[in-house]
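Heads up: the structure comes next, in structure tokens.
The values are calculated or read from the model by the stated rules, or taken from the named source; none is laboratory data. These figures come from a predicted structure and were not determined experimentally. Positions of Cβ are generated from backbone atoms using ideal geometry, with glycine treated the same way; all protein chains shown enter the neighbour counts. With ligands, DNA and RNA removed, areas are computed over all heavy atoms of the protein, side chains included. Shrake-Rupley method; radii C 1.70, N 1.55, O 1.52, S 1.80 Å.
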Amino acid sequence: MLKLQNISKHFDGKTVLDNISFEIGTGEIVSLLGPSGSGKTTLLNIILGLTQMDQGKILFHQSDLTHVPMRKRGFNIVFQDYALFPNLNAYDNIVYGQRNNKESASPQQIQEYIEFLELKPHLQKKIGELSGGQKQRVALARTLVTNPKILLLDEPLSALDGVIKESIKQRIQSIAREFKLTTIIVTHDPEEALTISDKILIINQGKISQFGAPQEIVHQPSNDFVDQFIIKQLHIKRQNIYNLFGEQYA
Ligand code: ADP
Ligand code: MG
């Protein structure tokens, strides 16, 4: 279990995260949802250990990670821009991060991830020869082979459209389920958050607006911001939100 307690962060005297507390169970998929600039990436980077918080505590299975450096936390991230090495082929990108990492996947596990993500036909290709969806799968594989204890994804679907987006979304869900991998996904898209997550943390101007299951958020938005943000961003009628969960609108 991951527990965040009273996390605050300021940049240049401006409050970017204000007293954030929530808990995530092992194997859960949680989305951090909010408008651009609300502090989502900052919160993800604080969990990763890349960004230092000003105040607060991070606990993971009872141990206090607050002052544990990024490498020793054992979490890993897929950055929003993938950050792949353009001069290496797909395979060398995938295995790059597991060098010097004792915890990383065995050769059999690496093959398993490559097959699971259907990357076998693309292993020898340079990054520039891959489509957006293929790049995202390489970035996912590269992170997974480090055997992270928590998988962090920053806007993993925002550069993709249509069928490709749906297919990557399903893969992320099946990875989290099959490998019982706790997964935290940053998104600004309510539809993504509502359909991929077990729980959603809605964040507005660095504060938690609501934390709950998708159904709870749709049926019982706890304030006007949550209601407006979800309805406005979805560009659909309120009753159609219920179709996302296969529910009837009463
Ligand atoms: P989001 O991911 O929700 O779009 P961010 O966490 O990237 O939001 O940013 C939240 C706020 O913090 C923004 O106002 C952004 O400009 C500011 N910010 C983020 N990183 C830095 C930084 N390294 N230095 C100064 N300000 C930053
Ligand atoms: Mg961001």
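Close contacts from the range 6-22, counting a first residue that is in the same structural domain as LYS57 (by TED's automatic domain parsing) and a second that is open to solvent by 80 Å² or more (accessible area, probe 1.4 Å) and within 13 Å of ligand 1 (Cβ to nearest atom), with Cβ to Cβ under 6 Å and a gap of 6+ residues or different chains, come to ASP18/LYS207. For the structure I just gave you, tell me whether LYS40 is among the basic types (Lys, Arg), near ligand 1 (Cβ under 9 Å from one of its atoms) and surrounded by 21 or more Cβ atoms within 10 Å (Cβ to Cβ). For LYS40, the condition - among the basic types (Lys, Arg), near ligand 1 (Cβ under 9 Å from one of its atoms) and surrounded by 21 or more Cβ atoms within 10 Å (Cβ to Cβ) - is met. Got at least one residue in the range 71-83 being closer than 23 Å to ILE200 by Cβ, open to solvent by 20 Å² or more (accessible area, probe 1.4 Å) and within 13 Å of ligand 1 (Cβ to nearest atom)? Yes: one or more hits.
Results for (1) of a type in the set (A, V, I, L, M); (2) in contact (Cβ under 8 Å) with a residue 12 or more places away in the chain; (3) away from ligand 2 (no atom under 16 Å from the Cβ); (4) crowded, with 17+ Cβ neighbours inside 10 Å, shown as yes or no for each residue.
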{"site": "LEU152", "(1), (2), (3), (4)": "yes, yes, no, yes"}
{"site": "ASP189", "(1), (2), (3), (4)": "no, yes, no, yes"}
{"site": "SER197", "(1), (2), (3), (4)": "no, yes, yes, yes"}
{"site": "GLN215", "(1), (2), (3), (4)": "no, yes, yes, no"}
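When the range 154-187 is filtered for residues that are within 16 Å of ligand 2 (Cβ to nearest atom) and open to solvent by 40 Å² or more (accessible area, probe 1.4 Å), the ones remaining, listed by number, are SER158, ALA159.
Out of ASP161, ASP54, ASP154, one residue alone is under 18 Å from ILE24 (Cβ atoms) and assigned by TED's automatic domain parsing to the domain that holds VAL30. It is ASP154. Of all the residues in the range 85-135, those that are part of a strand (DSSP E or B) and open to solvent by 70 Å² or more (accessible area, probe 1.4 Å) number 1.
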